[in-house]
Amino acid sequence: MKKAYWVGIVNVKNHDEYKKYTDIAGPAIIASGAKILSRGGKIVNLEGQKFGRIVIIEFPSIDHAEKFYISEEYRSALQYVTEEVADRLLNIAEGLT
């Protein structure tokens, strides 16, 4: 089974409110068996629009990644990420292995 990766690109507008999301989402992601590979570290923008935060999370499979996105645990965190809090793009990419 090929691994899958959440690739999130985020511009945080309200850090206090965004922390409410990360305080719930981070532990829920880890408890689900996923692994946070990158979040909030240094970004070197080579092309296109610059974003403030890139998040990469490894899941055992695409199915696992999709199911986690619609899970009750993640939805309870997602309620804190409104348009006023952050601009986000989130995709799932299938790994090579």
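Summary of values
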| quantity | calculated |
| --- | --- |
| Considering residues of the stretch 8-25 that are more than 12 Å from GLU84 (Cβ to Cβ) and surrounded by 15 or more Cβ atoms within 10 Å (Cβ to Cβ) only, the residue nearest to the chain's Cα centre (by Cα) | GLY8 |
| Pick from the stretch 32-49, criterion under 12 Å from the mean Cα position of the chain (by Cα) and part of a loop (DSSP other than H, G, I, E, B), ranking: modelled with the highest pLDDT | ALA34 |
| Residue match in the stretch 62-77 (condition: free of Cβ contacts under 8 Å to residues at least 12 places away in the same chain and basic (Lys, Arg)) | yes |
| Candidate set: the stretch 54-97, residues that are outside any loop (DSSP other than H, G, I, E, B) and among the acidic types (Asp, Glu); chosen: the one farthest from ILE30 (Cα to Cα) | ASP87 |
| ILE29 being surrounded by 14 or more Cβ atoms within 10 Å (Cβ to Cβ), in a helix (DSSP H, G or I) and not small (Gly, Ala, Ser) | yes |
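The values are calculated or read from the model by the stated rules, or taken from the named source; none is laboratory data. Since this is a predicted model, take the numbers as computed values, not measurements. All Cβ positions, glycine included, derive from the backbone under ideal geometry; neighbour counts span all protein chains shown.
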